[in-house]
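Here the structure comes first, spelled out in structure tokens, and everything after it is commentary.
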Amino acid sequence: MKKILPGLALASLLFTTGSALAADYKIDKEGQHAFVNFRIQHLGYSWLYGTFRDFDGSFSFDESNPATDKVNVTINTTSVDTNHAERDKHLRSAEFLNVTKFPQATFTSTDVKKTAGGLDINGNLTLNGVTKPVVLAAKMIGQGDDPWGGVRAGFEASAKIKLKDFNITTDLGPASQDVELIISVEGVRQK
């Protein structure tokens, strides 16, 4: 009995310490410290950049145990903005994002692994009514206390997706088959 009690106390301490390292964060979209951007080649001559202005999400982060990390993001596809009203209207049409039928895109992580350069966030991206696995290559930018008494963590991530994988079949030419996602988020730790 004397050996069991210290073992249980140690296990309890380790479990408590381990779970205390994990933290939940809400993406700070209100303070405009988060961006979901994309770029695609235009005719192979230049890049066309765009962003989604309206999205929300959260993530959990444990630096010592990435396997417990999670990411969930919802994007309102009607908020697409490429700085050109007519193009944005076309992107919202059934030829591209089909926002009338599918007004939201989502990303839900399934697995997070530490890599030499940061983290691989494996997850399911649902866009235009299609769900496909996507890997976000992510790295931490920084973390710590903010001036308002909160704690923040910031990450950037990127991925490349094929338009045809998400039923976007409009032919934009051979140089424009893939879209690069460029994501930067800052999260506020939840109490």
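Some observations on this one:
- Tabulated pairs, region 56-85, first under 19 Å from ILE168 (Cβ atoms) and polar (S, T, N, Q), second open to solvent by 20 Å² or more (accessible area, probe 1.4 Å) and in a helix (DSSP H, G or I), C-beta under 8 angstrom, 6+ apart or interchain: THR77/ARG92; THR78/ARG92; THR82/LEU91
- Per this entry, GLU95 is counted among residues that are over 27 Å from ILE121 (Cβ atoms), charged (D, E, K, R) and touching a residue at least 12 places away in the same chain (Cβ under 8 Å).
- Checklist (1) within 22 Å of TYR49 (Cβ to Cβ); (2) at pLDDT 95 or above; (3) open to solvent by 70 Å² or more (accessible area, probe 1.4 Å) applied to LEU136, failing item: (3)
- THR78 fulfils the conditions (1) over 15 Å from LEU125 (Cβ atoms); (2) in contact with a Phe, Trp or Tyr (Cβ under 8 Å, 6 or more places away or on another chain) except for a single criterion, (2).
- Pairs where the first residue, in region 16-40, is within 15 Å of PHE155 (Cα to Cα) and the second is open to solvent by 80 Å² or more (accessible area, probe 1.4 Å) and modelled with pLDDT of 95 or more, C-beta under 6 Å, 6+ apart: ALA23/ARG189; ASP24/GLN190; TYR25/ARG189; LYS26/GLN190
- Close Cβ contacts (under 8 Å, 6 or more residues apart or on different chains) running from residues in region 100-126 that are within 16 Å of ALA67 (Cα to Cα) and open to solvent by 60 Å² or more (accessible area, probe 1.4 Å) to residues that are outside any strand (DSSP E or B) and not hydrophobic (A, V, I, L, M, F, W, C) comprise LYS113/PRO66; LYS114/PRO66.
- Selection from region 151-173 of residues that are modelled with pLDDT under 95 and either in a strand (DSSP E or B) or on the phi > 0 side of the Ramachandran plot (or both): GLY173
- VAL185 meets all of the listed conditions (1) within 23 Å of GLN32 (Cα to Cα); (2) open to solvent by 80 Å² or more (accessible area, probe 1.4 Å); (3) within 17 Å of the chain's Cα centre (by Cα) but one, namely (2).
- Total residues in region 74-99 satisfying the condition of being assigned to a helix (DSSP H, G or I), open to solvent by 60 Å² or more (accessible area, probe 1.4 Å) and out of contact with any helix residue (DSSP H, G or I) (no Cβ under 9 Å at 6 or more places or on another chain): the figure is 5.
- Residue pairs meeting the criteria (Cβ under 6 Å; at least 6 apart or on separate chains; first closer than 14 Å to LEU125 by Cβ and open to solvent by less than 50 Å² (accessible area, probe 1.4 Å), in region 152-178; second modelled with pLDDT of 95 or more and outside any strand (DSSP E or B)): PHE166/ASN128; ILE168/PHE96
The values are calculated or read from the model by the stated rules, or taken from the named source; none is laboratory data. None of these values were measured; they are calculated from a predicted model. Backbone-built Cβ (ideal geometry, glycine too); neighbour counts: all protein chains shown. Accessible surface areas use protein heavy atoms only, side chains included; no ligands, DNA or RNA. Shrake-Rupley method; radii C 1.70, N 1.55, O 1.52, S 1.80 Å.
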